[in-house]
Every structure is written in C-alpha cells, then in structure tokens.
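Single-structure report; data block below.
No lab work stands behind these numbers, since they all come straight from the coordinates. Everything numeric in this text was worked out from a predicted model, so none of it was measured. Neighbour counts are summed over all protein chains in view; Cβ atoms, including those assigned to glycine, are modelled from backbone coordinates with ideal geometry.
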Ligand code: CO
C-alpha cells in the first residue's frame with residue numbers, strides 16, 4: 001500500500017512524468033539488469049531471463065506513468081491563471097478543486113462563482129474549462145508570475161487514504177495502479193522470458209510513449225497493465241458495468257484502441273483459473289490503452305491488457321480495491337512464470 005500511495009501522490013501530468021519515474025526507479029533499480037530513459041522520457045528496464053531458460057521470448061510489459069491534469073496557458077492581469085486540460089477531463093469535476101502547480105507545488109484552487117451569485121440558469125450549466133481560472137491568491141499578474149510560469153502543469157491535490165480494509169482512495173490510479181503492479185512483478189522476477197518493462201509517458205494524450213518504446217524494443221508479445229473504468233454503482237437501468245470493484249483484475253477483450261490477442265487473453269484466463277485468481281472481463285468497446293499503439297508496431301505485436309478497476313478515473317480522487325490490485329500482481333506473475341509464450 002505504501003508503494004501505491006507514493007505513486008498516487010507523485011505529480012506526473014503527460015509530458016512531465018519525472019517525479020513518477022524517480023519513484024519507480026527507486027523501487028526497481030535493484031531488481032533489473034539495466035535501465036534507461038529514452039528521448040521522450042519512457043523508463044525502460046530490462047530484466048534478463050533466468051539462465052536456464054532456453055530461447056527466452058522478449059516480453060514487453062507497459063504501464064503509463066502520466067495522469068490527466070492541467071497546463072497553465074496564461075496569467076491574467078488580476079493574477080488568475082488560465083489553463084487547458086491535458087488529457088480527458090470532465091469539466092464538471094474541476095470546479096472548486098485544490099491543485100498543485102509547477103515544480104514547487106504552488107497551491108491553488110479552481111475558482112467558481114459562489115451559488116449566491118448565480119442566477120437560476122447558471123446553476124444548471126457547467127462552465128467549460130476555458131471559462132475557469134485557477135486562483136493562487138496572487139493579486140496581480142506580476143505577483144502570480146513570480147510563483148507560476150506559463151507552461152507549468154497543475155495536478156489535483158489529493159492525499160491517498162485508506163477507506164475500508166480492502167479499499168483506498170487517491171488520485172491517478174489510472175495508471176499508477178498499473179505502475180505499482182509492474183514494479184511488484186519486476187521485484188518477483190526473473191522469469192523464463194526477457195522482460196522489457198516500460199513505464200511509459202504521454203498515454204493520456206495519444207499513446208505516444210508506448211509507440212516509440214515498442215518500436216525500439218521490438219517485442220514478441222506485450223502485456224499492458226492499466227487502471228481501468230469501474231462503474232458498478234447502482235443504476236436506474238439494468239446495464240452491465242464495464243467492470244466491478246472487488247471482482248478481480250479486468251482482462252480486455254477489445255476496446256477502442258485494440259482487439260486483444262486471443263491466445264494471450266486465453267493464457268491469462270487459464271492461468272487465473274489454474275491458480276484460483278478471480279478475474280473479470282472488461283465490457284468491450286470502451287476506453288483505450290497503450291496496447292493500441294504497441295500492437296501496431298513494426299510487423300505487429302500480440303498484445304493483451306490486464307487492468308485494476310478504479311472508480312472515478314480522470315477525476316481528482318478515485319477508489320480501488322486492494323484485492324483487485326494484489327490479484328492483478330499475482331495474475332501477471334503466474335502468467336510470466338508459466339512462460340508458454342507462443
Ligand atoms: Co490509463
């Protein structure tokens with residue numbers, strides 16, 4: 001849980017994943033044979049196969065370090081900050097939220113008109129992001145400019161917190177949950193395959209890091225580790241949720257970015273069944289992951305996705321179940337151990 005907390009609280013909006021990379025590196029450095037940071041900022045670590053493995057396959061494991069957030073684009077004369085969303089953010093979750101800005105984590109709040117001042121029509125509308133400002137308490141442009149620069153990123157200011165024995169809340173479980181799973185998988189290695197673990201950048205703005213990393217690695221197969229949509233709250237209509245919290249790691253059949261490799265997916269399912277690990281399928285057709293870029297690399301790469309379900313992803317605070325997380329770790333480890341990659 002410490003690892004998840006540390007990763008969740010690190011600031012890493014797409015394009016500025018350094019703080020997350022440092023946390024990851026600290027936890028994996030002693031468990032990998034080599035590591036490097038590429039031109040885009042992907043952290044690529046290689047864990048060689050066990051010496052007794054014959055003709056080990058090159059397996060790429062990917063988890064994205066970046067999270068959705070905001071970028072400061074203009075400082076108003078009155079000291080308020082204009083911003084743009086980075087990645088997909090519902091404007092409804094922005095109002096009156098605390099943020100931290102730039103390398104020094106300058107505290108700010110996304111301002112809104114108080115209810116007393118809104119006319120009835122305004123109360124029914126959600127202002128778009130370009131109508132909102134971040135208030136850092138500065139009274140003019142010059143004072144604000146000493147604290148914050150145009151181009152600085154803002155992240156939601158959310159502390160990680162346990163809820164029940166099995167649930168926790170925090171920000172950016174999409175995809176710090178996947179990063180944490182990947183760290184644990186490396187710590188449990190080596191395996192009978194050559195692992196190329198990639199903590200990718202810029203997934204939320206178009207799977208950019210994974211695309212170049214996969215090209216360089218040229219893997220035989222790829223497994224993407226995610227924190228995915230969980231929408232199991234009660235509904236008025238009888239709809240199947242995308243995933244359910246506590247029902248185990250979610251295996252993707254197809255989303256908007258990839259049709260998962262059937263052989264790999266079957267292998268995950270068989271491994272889960274053989275080891276009594278709970279699992280679920282993610283409802284097809286929603287979301288996308290780094291697998292979307294990886295499977296189209298070079299002459300094509302067989303790719304599958306395992307995800308930890310998280311409620312309220314891309315919002316300031318999400319909720320996940322620690323058993324789902326632990327089971328995702330176990331599922332990936334057992335799958336790698338059996339090593340029958342074909
Ligand atoms: Co994600």
Give the order of 60, 169 when sorted by the count of other beta carbons within 10 angstrom, beginning with the fewest. 169, 60
Fewest to most neighbouring Cβ within 10 Å: what's the order for 126, 319, 13? 126, 319, 13
In Å, descending, principal axis extents of the Cα set of the chain: 68, 47, 39
Given only helices, namely DSSP H runs of n ≥ 4 each adding -39500 (n - 2.57), what is the per-residue ellipticity at 222 nm of the chain, to the nearest 500 deg cm²/dmol? -7500 deg cm²/dmol
Given 37 °C, 0.692 mPa s and a Kirkwood radius over Cα pairs, the Stokes-Einstein diffusion coefficient of segment 186-239 in µm²/s is 229
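How much of the DSSP bridge set in the chain is antiparallel, in percent, rounded to the nearest 5?
Of all bridge pairs located within the chain, approximately 60 percent are antiparallel.
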Cα centroid of segment 241-300 to Cα centroid of segment 46-95, whole Å: 20
Scattering from the C-alpha atoms of segment 105-249 alone, worked out with Debye: what is log10 I(q)/I(0) at q = 0.18, 0.21 1/Å? -1.26, -1.33
Could you work out Rg/(2.2 N^0.38 Å) for segment 69-156, with Rg from alpha carbons only? 1.06
In terms of the ratio Rg/(2.2 N^0.38 Å) built on C-alpha atoms, what value belongs to segment 1-94? 1.48
Binned Cα-Cα distance frequencies in segment 105-172 - 10 Å width, integer %: 15, 34, 28, 20, 3
For q = 0.14, 0.17 Å⁻¹, what log10 I(q)/I(0) does segment 250-342 give under the Debye formula with an equal point scatterer on each alpha carbon and no solvent? -0.53, -0.78
Ranked 146, 208, criterion: other C-beta atoms within 10 Å, fewest first: 146, 208
